[in-house]
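For reference, the structure discussed in these notes is given below.
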There are 2 protein chains.
Amino acid sequence: MKLHMVTRNQGKFREASLELSKFGIELLQIPDDKVELQSDDVSEIALFAARQAYARHRVPLVVDDTGLYIESLNGFPGPYSSYVLRKIGLQGVLRLLDGVTNRRACFRTAVAYVDGTEESLFTGETCGFIVEAPRGSLGFGYDPIFVPEGSNRTFAEMSVEEKNALSHRGRALRALGSWLASRSQSNR
Amino acid sequence: MKLHMVTRNQGKFREASLELSKFGIELLQIPDDKVELQSDDVSEIALFAARQAYARHRVPLVVDDTGLYIESLNGFPGPYSSYVLRKIGLQGVLRLLDGVTNRRACFRTAVAYVDGTEESLFTGETCGFIVEAPRGSLGFGYDPIFVPEGSNRTFAEMSVEEKNALSHRGRALRALGSWLASRSQSNR
């Protein structure tokens, strides 16, 4: 089965390709910018973007929207995570946490699927904490400063395979993969 | 002439009411949340939101979108200014500028007008600098930390009248007011 993913983020695409290949899905990239709503809710953002992309491309597709919610910053940067990273960098975010003892944070991903007939949303969450200084060179985005609960390594110190097993995105993708697999089963 | 403004922000509504009254326009408030795009461009955000609001309300209306662009933070918080303020506060923004000597920043406003037949955009910009600590209790948002060029007071130390004379929003509103006034003239 073929499926398109609308993203310019190679890291996201790599993670999704690997995870969905396990369900027999071949992922193709549409390197468009998403049309994104301003909203605190990654599900709402992903669904809106997927509908807009479907109207343009008319192929079954998914859009991922992900945010990092830092507890002591009232959920900042949330759905604006990539914007904030571009503007103030990891160092800016660490600066906001200087001397702050509560380092708890959660990543949330929503993956929206749209094919013109059906729409579906799959979500995943992984909580953990923000470290004092970046570690690791794998992954992307906030991976060098986030350690998931139960681990002592940052996401940037893990292979795609290891990260997917623990990550918000991995969880959402497995839910999507199972759903697509069971759907193609029942259509046979 | 009556005109609606879609906003939940009483400060914006107060500034717009005062400025537009000088052009004989009575401003009425629609206290809805805007449907906002994620974009670096306040014009794009305002126009999208105004079209969405028009589709819902079917009356001539305006939507204001405003951002504060801080030079040393690559334009952060930009169009996400109100979100960032809710999350990390003025203190968070000042923290990001701790020890930074380049304090230059610009406010940009776009006001989009939609009436079902015509669409128009009016913009205004005011540059100045970010002070070290908040001053004043008037205005709203980032007003306590922003001093416009040529002044030594923050926007929060100015009356609505004084702020409008110098502000990004005041400039955009005067452009809108002149346009509406000349339009109603030529329709007579």
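The values are calculated or read from the model by the stated rules, or taken from the named source; none is laboratory data. Being a predicted model, the structure only gives us computed values, none of them experimental. With ideal geometry, Cβ positions are generated from the backbone for all residues, glycine too; neighbour counts draw on all protein chains shown. Quick note on the areas: whole protein, heavy atoms, side chains included, nothing else; ligands and nucleic acids left out. Shrake-Rupley method; radii C 1.70, N 1.55, O 1.52, S 1.80 Å.
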Has the range B:116-131 got any residue that is of a type in the set (Ser, Thr, Tyr) and in contact with a Gly (Cβ under 7 Å, 6 or more places away or on another chain)?
no
Residues satisfying the stated conditions in the range B:150-170, i.e. touching a strand residue (DSSP E or B) at 6+ places or on another chain (Cβ under 7 Å) and either farther than 24 Å from B:Lys22 by Cβ or among the aliphatic types (A, V, I, L, M) (or both):
B:Thr154, B:Leu166
Working carefully through the options B:Glu44, B:Glu36, B:Glu15, find the one that is away from chain A (no Cβ under 13 Å) and of a type outside the set (A, V, I, L, M, F, W, C).
B:Glu15
Could you grab me the full set of residues in the range A:121-154 that are among the aromatic types (Phe, Trp, Tyr) and under 21 Å from A:Asp98 (Cα atoms)?
A:Phe129, A:Tyr142, A:Phe146
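Can you pull out the residues in the range A:112-126 that are open to solvent by 60 Å² or more (accessible area, probe 1.4 Å) and either within 14 Å of chain B (Cβ to nearest Cβ) or hydroxyl-bearing (Ser, Thr, Tyr) (or both)? Show your work before the answer.
Within the range A:112-126, the subset open to solvent by 60 Å² or more (accessible area, probe 1.4 Å) is A:117-119, A:121, A:123, A:125.
Result: A:Thr117, A:Thr123.
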Within the range A:167-188, can you find the residues that are touching a helix residue (DSSP H, G or I) at 6+ places or on another chain (Cβ under 8 Å) and under 17 Å from A:Leu68 (Cβ atoms)?
A:Ser167, A:Arg169, A:Gly170
In the range A:132-147, anything over 16 Å from A:Phe13 (Cα atoms), free of Cβ contacts under 8 Å to residues at least 40 places away in the same chain and surrounded by 14 or more Cβ atoms within 10 Å (Cβ to Cβ) is listed as A:Arg135, A:Gly136, A:Val147
Number of positions in the range B:148-187 that are of a type in the set (Lys, Arg) and in contact (Cβ under 8 Å) with a residue 60 or more places away in the chain:
4
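On the given criteria, is B:Phe129 open to solvent by less than 70 Å² (accessible area, probe 1.4 Å) and either of a type in the set (S, T, N, Q) or out of contact with any Pro (no Cβ under 8 Å at 6 or more places or on another chain) (or both)?
The answer is no for B:Phe129.
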Assuming B:Ile30 fulfils every condition listed in (1) within 11 Å of chain A (Cβ to nearest Cβ); (2) touching a Ser or Thr at 6+ places or on another chain (Cβ under 8 Å) apart from one, which condition is it?
(1)
Report yes if A:Pro79 is at pLDDT below 95 and not polar (S, T, N, Q), otherwise no.
yes
A:Met1: at pLDDT 95 or above and over 17 Å from A:Glu125 (Cβ atoms), yes or no?
no
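When the range A:148-161 is examined, which residues are found to be touching a helix residue (DSSP H, G or I) at 6+ places or on another chain (Cβ under 9 Å), open to solvent by 10 Å² or more (accessible area, probe 1.4 Å) and under 27 Å from A:Ile25 (Cβ atoms)? Outline the logic, then answer.
Here is the first cut: in the range A:148-161, the ones touching a helix residue (DSSP H, G or I) at 6+ places or on another chain (Cβ under 9 Å) are A:148-151, A:153-158, A:160-161.
Going one step further and asking which of them are open to solvent by 10 Å² or more (accessible area, probe 1.4 Å), we end up with A:149-151, A:153, A:157, A:160-161.
Correct list: A:Val160, A:Glu161.
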Scanning the range B:33-90 residue by residue, those closer than 18 Å to B:Asn9 by Cβ, touching a residue at least 24 places away in the same chain (Cβ under 8 Å) and of a type in the set (Gly, Ala, Ser) turn out to be B:Ala46, B:Ala49, B:Ala50, B:Ala53, B:Gly67, B:Gly78, B:Ser81, B:Ser82
